[in-house]
There are 8 protein chains.
Amino acid sequence: MDQIDSKILNLMHENARIPISEMSRLIAMSQPAVTERVRKLEEQGIITAYRAQLSPSKLGKNTTAFVLFKTGSCNDFAAFGEASPEIIDLYRISGEYNFLMKVVTETTQTLAAFLDSCNVYGFSTTLIVLSTAFEDKSLVIDQHS
Amino acid sequence: MDQIDSKILNLMHENARIPISEMSRLIAMSQPAVTERVRKLEEQGIITAYRAQLSPSKLGKNTTAFVLFKTGSCNDFAAFGEASPEIIDLYRISGEYNFLMKVVTETTQTLAAFLDSCNVYGFSTTLIVLSTAFEDKSLVIDQHS
Amino acid sequence: MDQIDSKILNLMHENARIPISEMSRLIAMSQPAVTERVRKLEEQGIITAYRAQLSPSKLGKNTTAFVLFKTGSCNDFAAFGEASPEIIDLYRISGEYNFLMKVVTETTQTLAAFLDSCNVYGFSTTLIVLSTAFEDKSLVIDQHS
Amino acid sequence: MDQIDSKILNLMHENARIPISEMSRLIAMSQPAVTERVRKLEEQGIITAYRAQLSPSKLGKNTTAFVLFKTGSCNDFAAFGEASPEIIDLYRISGEYNFLMKVVTETTQTLAAFLDSCNVYGFSTTLIVLSTAFEDKSLVIDQHS
Amino acid sequence: MDQIDSKILNLMHENARIPISEMSRLIAMSQPAVTERVRKLEEQGIITAYRAQLSPSKLGKNTTAFVLFKTGSCNDFAAFGEASPEIIDLYRISGEYNFLMKVVTETTQTLAAFLDSCNVYGFSTTLIVLSTAFEDKSLVIDQHS
Amino acid sequence: MDQIDSKILNLMHENARIPISEMSRLIAMSQPAVTERVRKLEEQGIITAYRAQLSPSKLGKNTTAFVLFKTGSCNDFAAFGEASPEIIDLYRISGEYNFLMKVVTETTQTLAAFLDSCNVYGFSTTLIVLSTAFEDKSLVIDQHS
Amino acid sequence: MDQIDSKILNLMHENARIPISEMSRLIAMSQPAVTERVRKLEEQGIITAYRAQLSPSKLGKNTTAFVLFKTGSCNDFAAFGEASPEIIDLYRISGEYNFLMKVVTETTQTLAAFLDSCNVYGFSTTLIVLSTAFEDKSLVIDQHS
Amino acid sequence: MDQIDSKILNLMHENARIPISEMSRLIAMSQPAVTERVRKLEEQGIITAYRAQLSPSKLGKNTTAFVLFKTGSCNDFAAFGEASPEIIDLYRISGEYNFLMKVVTETTQTLAAFLDSCNVYGFSTTLIVLSTAFEDKSLVIDQHS
């Protein structure tokens, strides 16, 4: 992976819908060469997906929380997590808890109702997001900038 | 927001680079109408960005951790976070700690070095990600499926 | 809501039994106008109740505690709370515990007996009130003062 | 204190603005006798205040939290608490923390800003109120009901 | 209770077997008067017992620990405590745990065996005494000294 | 140490002022022999003191607490403890805290004032004694009973 | 144990396969005398074993963790520990947890699977080793150096 | 690494001073071949050392503890650890604390003195080893047994 790949990854991290033609112009490389490089970055598994990011609050979901969860039934809880639309991310972690999950709900009342539904699996500690400083910083440092 | 908007959001959450023509076919709506709807979803702030998602491990970053941070200098720490390439996400949270951050580093040794650099701001609790059950589930439930 | 409403709310927060005539004099407004404003503040749900506040110690209740409670049966515990005269306030909260409650009992021994009665629902952490710095500060800042 | 006093206290806890005439009718006692009893309950310090209760959300204050606070400067913090309009109640408590306070703010962002202003005094743990089961239950059990 | 009572209490706290004759001499009061005062201090319940204090290590008990205990069966655990020779003191306490007990055993291995026997009642946190700064300071300040 | 020594220790643990003549009768041994055995138990350091035990509440001290203390200045804190009449027992312990102390004060307010005076040395966690199940159980099991 | 014994213990702690002839030369003592001293150190139980130490990472085991474990079935868990190849060391400890164990696994995923297998016995807190500062320092201070 | 290597590693983990001749006999392979295999296991870094293991209690060190340590000066503390004979193992760890160390001292009093010497670097939580279930289990599963 060279500086051109880094540049491509950062452009696509900034705007995944950027046209090949614009990347071609920005990095001064022919369109077929850019296309080929993108294909290779996908093939190598460096790019795993392209995602539209949505605003929770614009979708009526005003409460975001991180929930630490301690359970004796890790597989059952992972299956529950998969099926729960409130849980956006689910990680197995070290420490006192087995899981960390990001939960998005409409209000603090619906968050409480969601937490009730988790009770059969174990105990939770809920950390409400008061504000987001930043999210989704690029993993690749752009050596041009 | 109706079922067609939901469908569009899910298609673009699944693959942000999906061509308008393919969406047009999948939801049986003319291309100009699809383009117009996407433009409105962007304009309303429902779609906030399109991002290529990158594999940390393919980029040589094998350790992911969530770090809870307690500081008496919240503004200074937020500025430090902005400038630290290891910190991908940074949230202000309720509970015992002021901040939760997602940190991606090459090894557990580089994670330790990063944590040393945080020491001047306060105290941390580090939760290593042992495995990722899932990430980035769509905020929109697809009523067709 | 204007400055006159703020003044009325603060007067009635200070002394809910204040006669309309006295408010009329204090804010230099006719009695029917004051009455009308109070009616509207009630109607809008800004004023939710008028309460006589009682001294626990004068009623023989010398121990006040806040109890954090962790339960797997939130609905059952809420019903228990409703029926328990010792529990004055009951909140669903974020963090490690589901509930925070204010408990008033005669002695530390009767507090212990009350906590025993909670044991079937889960685990508690009890914080004894050593002294009250202040309580029931007005939610409305009086712009005249 | 007898059953009639209990009845009076509960009536005035339910509605502090209840007219003496209505209490007289409800407890079948002459108005001068009721007035005299109320006066004595005030004089003995059993009734400490009459308060209009206000709805935080109707006043634009949508976030209520209980904050546990650990400080090495208890007197300074108590003075700070007295001067902070966000802090409604402030208690000195046993346990790991010195203080428990009830905090009412407009949003989670203004709560975070308030918590920043506390940082010079020590460390906090913030418990967001997700919902209120009940508040201000009467300290007096009505033996008639 | 006057200064002479304080003096008597401190003398008997220092050495419970002190002869009346020696106290008589030390506080310059007749023996019958001293005897009468001691009798009254016992009668009023100010003196609750006279105890020989024994050295745990000289009795082959080399490990002293304070154990915090969390149980859902407070009465059962109190009965267990009463019957356990290892538990010297047992207190019901506020905080996260129900009980604090002082435990004296021969070795850390026998302490572990004792803790195993508690397991059916709940969970414990064990604080080993590394050294004793002092014990049994008198509750009465001697105004003569 | 034989069964007779055990019997003597338990009699003197029960009542340190028991006359030699009564012990002589109860264990069927001559008074000089009992006296000699007591002398040896003292000489060997098995008996370390005889203490009158006083009732805190009868002395106007209504609040008993165990305080866990974390300090970076252990020697300074031990000296402070020695000089503080509120601290009856002081132990150096394992775990998260350096010290455990038993504190006896008049009220919860004076306890709070005492805790303020500790603040310069570090941080405390206070466990209020709600009730005492038992105290000062004998270290010696009486094989006769 | 004298300085020569200390020297022998340090030489064998450094390299347990050191030949007697080399020790003889290094400490200027005849080979039979060295052999006799080693025999005595073994006989007295001062030397308990000679162990080849293996590199976990060279054996494909890249994750080392210390796991604190809280169980109500200490004997069952100790037997489970004995039979689990992932657990290298197992200690009964004071504090909130019953056990501390050193666990070596291939990856963080296999660590998670191992932790799942512990779930039937109780709850764990996992501390991942980020780096090893040093291990197996000698218990004997070499007075020559 | 094959089954013969595993067998050699286990034999030398069991007894690092085993003569080549005995290994030769036990695994039915010529002495030069065994010698060559041992040399390769050393060369590859699979065997990192041969150590005599010493009994702490036989060396007068009766207290073993694991100490969790939280510091803002990780490098300074690591240097302190290197120089402290009481610290046998020192690990950088994830979680709330930066370090875990194994500490061996003569008594609980000397442990307390050692902990005092750590105070300038930060805060500790001390877990006393009550008993050792097992230590130094082989990392290699012997497929013959």
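The values are calculated or read from the model by the stated rules, or taken from the named source; none is laboratory data. None of these values were measured; they are calculated from a predicted model. In this analysis, Cβ positions are derived from the backbone assuming ideal geometry, glycine residues included, and neighbour counts consider all displayed protein chains.
Things to note:
- In region G:59-86, residue nearest to residue G:127 (Cα to Cα) [restricted to those that are in contact (Cβ under 8 Å) with a residue 60 or more places away in the chain and among the hydroxyl-bearing types (Ser, Thr, Tyr)]: G:64
- Candidate set from region A:72-86 (those that are more than 7 Å from every other protein chain (Cβ to nearest Cβ) and aliphatic (A, V, I, L, M)); member that is farthest from residue G:119 (Cα to Cα): A:83
- Test: residue E:112 is over 17 Å from the mean Cα position of the chain (by Cα) and either among the aliphatic types (A, V, I, L, M) or more than 21 Å from residue F:87 (Cβ to Cβ) (or both): yes
- Tally, over region D:16-51, of residues that are of a type in the set (A, V, I, L, M, F, W, C), without any contact (Cβ under 8 Å) to a residue 12 or more places away in the chain and touching a strand residue (DSSP E or B) at 6+ places or on another chain (Cβ under 9 Å): 2
- Within region E:55-72, the presence of at least one residue that is out of contact with any strand residue (DSSP E or B) (no Cβ under 6 Å at 6 or more places or on another chain) and over 30 Å from residue F:44 (Cβ atoms) is confirmed.
- With respect to being within 24 Å of residue H:128 (Cα to Cα) and more than 11 Å from chain H (Cβ to nearest Cβ), residue G:89 falls outside the description.
- Breaking point among (1) buried (at least 16 other Cβ atoms within 10 Å of the Cβ); (2) closer than 14 Å to residue C:50 by Cβ; (3) out of contact with any strand residue (DSSP E or B) (no Cβ under 8 Å at 6 or more places or on another chain), for residue D:13: (3)
- Scan of region F:25-80 for residues that are over 30 Å from residue F:140 (Cα atoms) and either charged (D, E, K, R) or in contact with a Lys or Arg (Cβ under 9 Å, 6 or more places away or on another chain) (or both), ordered by number: F:61, F:70, F:74, F:76, F:78
- From B:125, B:132, B:35, residue being more than 28 Å from residue A:16 (Cβ to Cβ) and not small (Gly, Ala, Ser): B:125
- When residues of region B:40-71 are limited to those that are among the small types (Gly, Ala, Ser) and more than 8 Å from chain A (Cβ to nearest Cβ), the one surrounded by the most Cβ atoms within 10 Å (Cβ to Cβ): B:65
- Residues of region C:63-78 that are among the β-branched types (Val, Ile, Thr) and assigned to a helix (DSSP H, G or I): none at all.
- When residue G:80 is tested against (1) surrounded by fewer than 22 Cβ atoms within 10 Å (Cβ to Cβ); (2) of a type outside the set (A, V, I, L, M); (3) touching a Gly at 6+ places or on another chain (Cβ under 6 Å); (4) closer than 29 Å to residue E:65 by Cα, only condition (3) is not met.
- Counted residues, region A:92-139 - those being in a loop (DSSP other than H, G, I, E, B), of a type outside the set (Phe, Trp, Tyr) and more than 7 Å from chain B (Cβ to nearest Cβ): 5
- Filtered residues of region H:23-39 (kept if surrounded by 12 or more Cβ atoms within 10 Å (Cβ to Cβ) and within 13 Å of chain G (Cβ to nearest Cβ)): H:23, H:35, H:37, H:38
- Flag if residue A:89 is of a type in the set (Asp, Glu), farther than 26 Å from residue A:8 by Cα, part of a helix (DSSP H, G or I) and free of Cβ contacts under 8 Å to residues at least 24 places away in the same chain: no
- Residue count, region D:45-76 (criterion: of a type outside the set (A, V, I, L, M) and within 20 Å of the chain's Cα centre (by Cα)): 16
- Odd one out for residue D:136 among (1) within 30 Å of residue F:107 (Cα to Cα); (2) in the same structural domain as residue D:12 (by TED's automatic domain parsing); (3) not hydrophobic (A, V, I, L, M, F, W, C): (2)
- Exclusive hit being modelled with pLDDT under 95, surrounded by 15 or more Cβ atoms within 10 Å (Cβ to Cβ) and in contact with a helix residue (DSSP H, G or I) (Cβ under 9 Å, 6 or more places away or on another chain), set E:103, E:140: E:140
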